[in-house]
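*Asks:* Below you will find the structure I want to go over with you.
The values are calculated or read from the model by the stated rules, or taken from the named source; none is laboratory data. Values in this document were obtained by computation on a predicted structure and should not be read as measured data. Ideal geometry is used to build each Cβ from the backbone, glycine not excepted, and the neighbour counts take in all protein chains shown. What goes into the accessible areas is simple: the full protein's heavy atoms, side chains included, and nothing from ligands, DNA or RNA. Shrake-Rupley method; radii C 1.70, N 1.55, O 1.52, S 1.80 Å.
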Amino acid sequence: MITGWTTDRGKRRAHPSATRGAVWVALATALALIAFPASAAPASAAPASAAPASAAPASASPGAAEAPPAPVISTIVGGVEGPAPATDVAINPCSVKSAGTQLYIADLYNGGVIRAVNEQTGQLTTPAGVGVAGFHGDRHPATEAELNQACSAAIDQAGNLIIADTANNRVRVVAASTGTFYGQAMDKGDIYTVAGPGNAAGTCDFDNGPTFCPVDAEPDHAGNLVIADTGEADDFTKPAHVRVVAGSTGRFYGRPMTVGDMYIVAGGSAGFSGDGGPAVKAGLGVEIGPVRVDAAGNLVLADSDANRVRVVAVASGTFYGQAMTAGDIYTVAGDGTAAYSGDGGPAIDAGITVAGVAIDSSGNLVIADGGNGRVRVVAVKTGTFYGRAMNKGDIYTVAGNGTQGFSGDGGPALKAAFRNLGAVAVDSSGNLVAADASNFRIRVVAARTGTFYGQAMKAGDIYTVAGNGNSGFSGDGGPPTTASLAYPAGVAADPAGDIVINDQGNQRVQFVATKAGTFYGQAMQKGDIYTVAGHGIQGFSGDGGPATLAKLSLGGGIDDVAFDAAGNVVLVDAFNMRVRVVAATTGTFYGRAMTEGDIYNVAGNGKVGMSGVGGLATKAEFDFPVGLAVDRAGNLIVTSFDLVQAVAASTGTFYGQAMKAGHIYTVAGNGTEGFSGDGGPATEAELRLPSGVAVDQAGNLLISDNDRVRVIAAKTSMFYGQAMKKGDIYTVAGPGTATVLGDGGPATAGWLGEFDQVAVDGAGNLIIADTEAYRIRVAAATTDTFYGQAMTKGDIYTVAGNGQHGNSGNAFFSGDGGPAAKAGLNTVGVAVDPADGDLLVADFPDHRIRSIGPSGQ
């Protein structure tokens, strides 16, 4: 019986994630219990979960064939990375803080994750976030939660992880133990919202959501949460505030507070005003930075717009050389100008730009003077700090040469260059830690000579301790589940099970080999991931040279990639209006000599248009190519704005036309946007933004077009339950209506979204990546059992994806290790792995390639 995948387990290749099966099963069990808001996707006439698990009746006699398993979903490429050496991981740091022996980094990678770096070993872990932008996961494990531009992480006295989930307009807490915190019962390891109403827009756009945009959250000495809540830059009626969530009922900051409630303790208007008076009436700059709590309990605030560091006194006394009154606000550094000035003199007379602030163990203020490319220190007493003599109240540069760039690692910190220096911290050893944001690194200035973060360091010198210098690319040469992808838009597999990925956001094409050897001019290890084209910079260059040095311009959301029969990688270089090939071996392909590992243009001249049909493909124009397939004759099939075209691999007759090798021809579409022509010649039909394209076993072309899947018949015969004439076009799935998904009924009555990609499995079933329904769907070629479901010929079924999505419009990411039909996925591309029959899904905004296959194999 055909089941939709190979049942000979001995011939199946092992997925890189197979060794984590027990962990994934446990994860899936937890996820299955989550109740989410109802999806806005169309309701199914016959939900996949209601379909029989097997075609075999319940009363099957002993010895009957065992029912095939329901599909299980797992991530095989991509993820949040770690555990790993921190310097090997891509990070985009927004803030950094030290607690115990860990650095906690708020990393904007793919929406936001929280990283922890061990200060002794330099090893990185990810205690919160799945690397998917959105809001999801409250009251469930933090490692399964979605964050959105989370911009701060801290640890409170109970060991809980505090996260300012900025674009979700919330402050969230990951419980270190089971108990009651901030007025809520919490379970160890789970995440909870403790402040903020949330925002349906998923942004701090105040016109579309609440005026609460937390950029920092810090516990104070009494167990309260202190929050820096930024204002709106172009609306002075929505100023910044410092707020407090009471950790217990009592009197704090001069006012009575109730546990779990939130109060404003500083900021009454936008702009700079109020020094020496009550903090709640003071004007703050609209964009305020982090807030810190000093040893005395005072609040130290980076008033970024005002180019000042300000203090809210928690009690009356003398602090930072000034007499202060409890509840009042004072400037302690900065004269309001952004230009660099004042080193060696009084801090309040200095010109600074304040991107971050910290307090060291001596009580000195450490300031990230981001615009001036320096780390500066305000001494709270006279003494020697950071290797230099300092006077009380004066300001001094301790790192940075004032230029914007990257240099200096391993040498004196004063000679180093930063680019967009952000947050600063002081670790448990007294080292200065800086978030070098646009260099995508965390850097450390050693306080003394010794070994920190697994590196030998010299006092006063600077070193990178986290980040590889890339914002979203890492993992080359290592396991694919620890690699970082960015918006993978296409995936394909060859007969051996090797995988190629269009890693759109990283402007690279990546490859995972099933055995060790040399591929595309590189030595590779079995199961590891490697870049085979592109070097991360968008543009066009490199033809005729090494593919890994070429510039690509991948983009547009749906770009396809394929293997041809010779093993060459073929890719749609969409914004360059070209189709390009990475040669697997040295030889002649598509009419030109090629060298192994080099890249070549085989179609498109880089201009937008429709000219050149019938001539050399390299001289023709494309109108934004997106879809790609290789037919049985080796011809390249490319979809673009309103056309489906073929680049002939050899001279002959294809699709009813005489074709010449290396030339390009239209095989569907008349160049007019619309929908028409079913039952007639494909070249006379109107198409509208055809995207996905596939070739079935009979040689028919299947294209995703006009919320439908349409077929161009390769010969006159019966296909997909319809009599078809060679060269004519027919609808075989969709469009249905936007209110009924149509599962369990005829495919031609089922609803499909736009921009779907398509594939055909070994049984001839049509596989559809239904992007708008957040599902993988199957139109059955015959009546049988496929993907764990009894299916009827010509009907359509969901085999993966639960369709549930959040306010951002993306589906929730969930379900790895569990039933594919219950998983949350955001699919753009789909392919069939011919080695084992598994479905491969390019889960675009989730930055992963996921595999759908039988359990336990």
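*Asks:* Over the chain, give the accessible area per residue in Å² for a 1.4 Å probe, as an integer.
*Replies:* Accessible surface, normalised per residue, equals 34 Å².
*Asks:* Calculate one ³J(HN,Hα) per residue across region 464-469 by plugging θ = phi - 60° into the Karplus curve 6.51 cos²θ - 1.76 cosθ + 1.60, and present them in order as whole Hz with x for glycine and proline.
*Replies:* 7, 10, 8, x, 10, x
*Asks:* Taking only C-alpha pairs under 8 Å that are 6+ residues apart, what is the relative contact order of the chain in percent?
*Replies:* So the answer I get is 13 percent.
*Asks:* Along the charge dipole of region 704-857, Cβ charges K/R +1 and D/E -1, which of Phe755, Gly803, Asn765 sits furthest on the positive end?
*Replies:* Asn765
*Asks:* How about Lys607: which lysines have a C-alpha closer than 24 Å to its C-alpha, ignoring those fewer than 8 places off in the same chain?
*Replies:* Counting by Cα, and skipping residues close in sequence, Lys607 has these lysines nearby: Lys551, Lys619, Lys660.
*Asks:* Per DSSP H run of n ≥ 4, the term is -39500 (n - 2.57); total these for the chain, divide by its residue number, and report the mean residue ellipticity at 222 nm rounded to 500 deg cm²/dmol.
*Replies:* -500 deg cm²/dmol
*Asks:* Under a 5 Å amide H to amide H cut-off, with H placed in plane at 1.01 Å, what residues pair with Asp216 once short-range neighbours are removed?
*Replies:* Those qualifying (amide H under 5 Å, at least 5 residues apart or on another chain) are Ala228.
*Asks:* If you take the square roots of the eigenvalues of the alpha-carbon gyration tensor of region 565-663 and sort them as a ≥ b ≥ c, do you get rounded (a/c under 1.5), prolate (a/b over b/c) or oblate? Please report the intermediate quantities before stating the final value.
*Replies:* Working: a/c = 1.66, a/b = 1.18, b/c = 1.40.
Oblate, since a/c reaches 1.5 and b/c is not below a/b.
*Asks:* Using only the Cα atoms of the chain, each taken as one equal point scatterer with no solvent, compute I(q) by the Debye sum, divide by I(0), and report log10 of the ratio at q = 0.05, 0.06, 0.08 Å⁻¹.
*Replies:* Cα-only, vacuum Debye calculation for the chain: -0.31, -0.45, -0.75.
*Asks:* Just the number, please: carbon plus sulfur as a percent of the accessible area of the chain, 1.4 Å probe, no ligands or DNA/RNA counted.
*Replies:* 53
*Asks:* Still on this structure: Using Cα atoms only, what is the angle between the long axis of helix 21-32 and the major principal axis of the chain, expressed in degrees (0 to 90) to the nearest 10?
*Replies:* So the inclination is approximately 80 degrees.
*Asks:* Which order, highest average first, do 580-588, 810-818, 422-430, 603-611 follow once you tally other Cβ atoms within 10 Å for each residue and take the mean per peptide? Provide the component values of the computation, followed by the final result.
*Replies:* Numbers: 580-588: 18.9, 810-818: 26.7, 422-430: 22.3, 603-611: 17.1.
Averaged packing, sorted descending, gives the order 810-818, 422-430, 580-588, 603-611.
*Asks:* Whose amide H sits under 5 Å from the amide H of Met390, counting only residues 5 or more places off or on another chain, with H placed in the peptide plane?
*Replies:* Residues meeting the amide H criterion: Gly383, Thr384, Phe385.
*Asks:* Oh, and also: What list of whole percents do you get for P(r) of region 82-158, with Cα-Cα distances grouped in 10 Å bins up to the one holding the largest distance?
*Replies:* Histogram of Cα-Cα distances, whole percents per bin: 22, 53, 24, 1.
*Asks:* Under the rule a/c < 1.5 gives rounded, and otherwise a/b versus b/c splits prolate from oblate, where does region 297-427 land using the Cα gyration tensor?
*Replies:* Values: a/c = 1.96, a/b = 1.57, b/c = 1.24.
Because a/c hits 1.5 or more and a/b exceeds b/c, region 297-427 counts as prolate.
*Asks:* Let me make sure I get this right: for region 415-565, a, b and c are the square roots of the gyration tensor eigenvalues over alpha carbons, sorted descending. Under 1.5 in a/c it's rounded, otherwise prolate if a/b > b/c, else oblate. Which is it?
*Replies:* Numbers: a/c = 2.80, a/b = 2.06, b/c = 1.36.
In terms of gyration-tensor shape, prolate.
*Asks:* Taking the square root of 5 times each eigenvalue of the Cα gyration tensor, what semi-axes in Å does the equivalent ellipsoid of region 625-735 have, largest first?
*Replies:* 19, 16, 12
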